[in-house]
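This report concerns only the one structure given below.
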Amino acid sequence: MLMVLGLFVFERRTLPYQSMQYSKDYRWASNDRIGKPPAYQYLGEGETTRTLSGVLYPEITGGRLSLTAIELMADEGRAWPLIDGTGMIHGMYVIDKVTHTHTELFSDGAARKIEFSLSLKRVDKSLAAMYGDLKTQADNLVTSAGDWLGGLAG
């Protein structure tokens, strides 16, 4: 397994990307001053993006079905957790853009080669914000379980 986005697993049979580009912006405001160069003020982190790129050979790797699954996830308009193969959690990401180019076609129009690119944009503030207050979540689970068990008994 290379990486997981939500429930979609990136591996050789699905979308085995060959490269991942990481980009993180930092925001600076410029304040013009008379007779001096502008003064800059740090405003904080900007956008974090990841772009996964690769080539699919549908006879060997994933193909159109895997790309369709990613597009359906994007159509849902929600953020998904991104976790790499080592177990590192990178945060919550939305699918910003999916592109693919089909070449070397069979006589029926099916592609022998599909080049793809998948752009992801981070949308959570931090891992702490993503998971929230774990004690509150645990208390809510205990309450829900108690209500459910009470419903079974009653």
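The values are calculated or read from the model by the stated rules, or taken from the named source; none is laboratory data. Since the model is a prediction, treat every value here as computed from it, not as a measurement. Here the Cβ is made from the backbone with ideal geometry for all residues, glycine too, and neighbour counts use every protein chain on show.
So the values come out like this:
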quantity: Of residues in segment 34-65 being in a strand (DSSP E or B) and among the acidic types (Asp, Glu), the one modelled with the highest pLDDT; calculated: 47
quantity: Residues that are among the hydroxyl-bearing types (Ser, Thr, Tyr) and either touching a Lys or Arg at 6+ places or on another chain (Cβ under 7 Å) or under 17 Å from residue 60 (Cβ atoms) (or both), drawn from segment 1-26; calculated: 14, 17, 22
quantity: The lone exception for residue 86 - which of (1) assigned to a loop (DSSP other than H, G, I, E, B); (2) more than 26 Å from residue 23 (Cα to Cα); (3) polar (S, T, N, Q) it fails; calculated: (2)
quantity: Condition met for residue 27 (loosely packed, with under 14 Cβ neighbours inside 10 Å and either of a type in the set (Gly, Ala, Ser) or over 16 Å from the mean Cα position of the chain (by Cα) (or both)); calculated: yes
quantity: Filter pass, residue 78 being in a loop (DSSP other than H, G, I, E, B), surrounded by 11 or more Cβ atoms within 10 Å (Cβ to Cβ) and at pLDDT 90 or above; calculated: yes
quantity: Test: residue in segment 104-119 that is in contact with a helix residue (DSSP H, G or I) (Cβ under 9 Å, 6 or more places away or on another chain), small (Gly, Ala, Ser), buried (at least 17 other Cβ atoms within 10 Å of the Cβ) and part of a loop (DSSP other than H, G, I, E, B); calculated: no
